[in-house]
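Enquirer: Questions regarding the structure given below will be posed in turn.
Every read-out reported here was derived from the displayed coordinates using simple, explicitly stated rules and does not represent laboratory data. Predicted model, so just to flag it, every value in this text is computed and none were measured. Neighbour counts run over all protein chains shown; Cβ positions are idealised from the backbone, glycine included.
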Amino acid sequence: MFSLNETNQFMVYSNSVDLRKGVEPLCGIVRSSGKKPTDGSVYVFFNRSRTLMKLLHWERGGYVIYYKRMEDGRISRKVFRRQDKSGFYCLRWDELVLFLEGVYPSAARRKRFNIQ
């Protein structure tokens, strides 16, 4: 059952990952960063071209992997905030949804009409 929402903590991996990997290799990435994959956080991974995304989440009784494939376009490069450091950083649910929709939360809002 899909149970992700704004109450979850989303940890985005700051480097691209080969998304042919399954549960165990993704858990290995989480463990090598000093985190526990069973702590209830949702771990978010992207491929190099930013067209695929996997979310690794521990629920009662086992791991769940959510997979998203973009039909057209790519996820914003801004989702990789810390390219100089490897590891995870925290992202809010609403920021993640905006990135997936192609909206940049830090962008200045454009006016719809010119006011004269």
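Enquirer: What list of ³J(HN,Hα) couplings, whole Hz, do you get for the stretch 92-99 from phi and the Karplus terms 6.51, -1.76, 1.60, once you set θ to phi - 60° and write x for glycine and proline?
Expert: 6, 4, 5, 5, 4, 4, 5, 4
Enquirer: Applying the Karplus parametrisation 6.51 cos²θ - 1.76 cosθ + 1.60 with θ = phi - 60° to the phi angles of the stretch 59-73, what ³J(HN,Hα) value in whole Hz is obtained for each residue in order, glycine and proline being reported as x?
Expert: With the stated coefficients, the stretch 59-73 comes to 10, 3, x, x, 8, 10, 10, 9, 10, 10, 10, 6, 6, 9, x Hz.
Enquirer: Amide H to amide H, which residues 5 or more places from Tyr63 or on other chains are under 5 Å from it, using H placed in the peptide plane?
Expert: none
Enquirer: Using the Karplus curve 6.51 cos²θ - 1.76 cosθ + 1.60 with θ = phi - 60°, work out ³J(HN,Hα) for each residue of the stretch 33-49 in order, rounded to whole Hz, and write x for Gly and Pro.
Expert: Rounded to whole hertz, the list is 8, x, 10, 10, x, 9, 7, x, 6, 9, 9, 10, 10, 10, 8, 4, 7.
Enquirer: Any idea what the dipole of the stretch 9-61 comes to, in debye rounded to 20, about its Cα centre with Lys/Arg Cβ at +1 and Asp/Glu Cβ at -1?
Expert: Computed about the Cα centre, the dipole is about 120 debye.
Enquirer: Local charge sum around Asp39 (other residues, Cβ-Cβ under 15 Å, Lys/Arg +1, Asp/Glu -1)?
Expert: +3
Enquirer: Ok, one more. Using 7 Å Cα-to-Cβ label points, what is the Glu71/Asp94 separation (nm, one decimal)?
Expert: 2.8
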